[in-house]
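Have a look at the structure below before the remarks.
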Amino acid sequence: QVQLVESGGGLVRTGDSLRLSCAASGRTFSMYRMGWFRQAPGKEREFVAAITWSGSRTDYADSVKGRFTISKDNAKNAVFLQMNSLKPEDTAVYYCGADRNVAFLRARFTSWGQGTQVTVSS
């Protein structure tokens, strides 16, 4: 079992930046892929970004491409999401995920964190 803890969420204004962090513990050797999904009120959880543990592949939702950057620190078993030029429509709970699936980076994860709230005011 992998335990994931997110941090870095908050209340910001349109155009601001935030950096989310996700620290992993437990069976981290099973993490071949890590990434982020988000869920806005009344909506389904949607893919945001993912990265393979080797760092050789990344993928982004079209809605965040060019504004968000995913990165990782293998030594710290951590993944990060740098979010720039934030918009009100980015408001959501952001969930970190991890699993062994590298065949399809946009697939839902099997292990999840508790989530961190990001609110962007207009």
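Couplings 3J(HN,Hα) of the stretch 62-74, computed from phi: 4, 5, 10, 4, x, 10, 10, 9, 9, 8, 8, 10, 4 Hz, in residue order, whole Hz [Karplus 6.51 cos²θ - 1.76 cosθ + 1.60, θ = phi - 60°; x for Gly and Pro]. Accessible area per residue for the chain, computed on protein heavy atoms with a 1.4 Å probe, is 51 Å².
Dipole orientation for the chain: of the candidates Met83, Cys96, Ser17, Cys96 has the Cα lying most toward the positive pole (charges on Cβ; Lys, Arg +1; Asp, Glu -1).
A Cα-only calculation for the chain places Rg and Dmax at 13.3, 41 Å.
How would you classify the stretch 1-58 from its alpha-carbon gyration tensor, with a ≥ b ≥ c the square roots of the eigenvalues: rounded for a/c under 1.5, else prolate if a/b is greater than b/c, otherwise oblate? The shape class here is prolate.
Counting only protein heavy atoms and a probe of 1.4 Å, the accessible surface of the chain is 48% carbon and sulfur. Each residue of the stretch 80-92 is assigned a 3J(HN,Hα), and the resulting list reads 10, 10, 8, 10, 10, 6, 5, 10, x, 6, 7, 4, 4 Hz, derived from the Karplus form 6.51 cos²θ - 1.76 cosθ + 1.60 (θ = phi - 60°), x at Gly and Pro.
The values are calculated or read from the model by the stated rules, or taken from the named source; none is laboratory data. Everything numeric in this text was worked out from a predicted model, so none of it was measured. Don't worry about glycine lacking a Cβ; one is built from the backbone with ideal geometry, like all the others, and counts go over all protein chains shown. These accessible areas exclude ligands, DNA and RNA; they are computed on the full protein's heavy atoms, side chains included. Shrake-Rupley method; radii C 1.70, N 1.55, O 1.52, S 1.80 Å.
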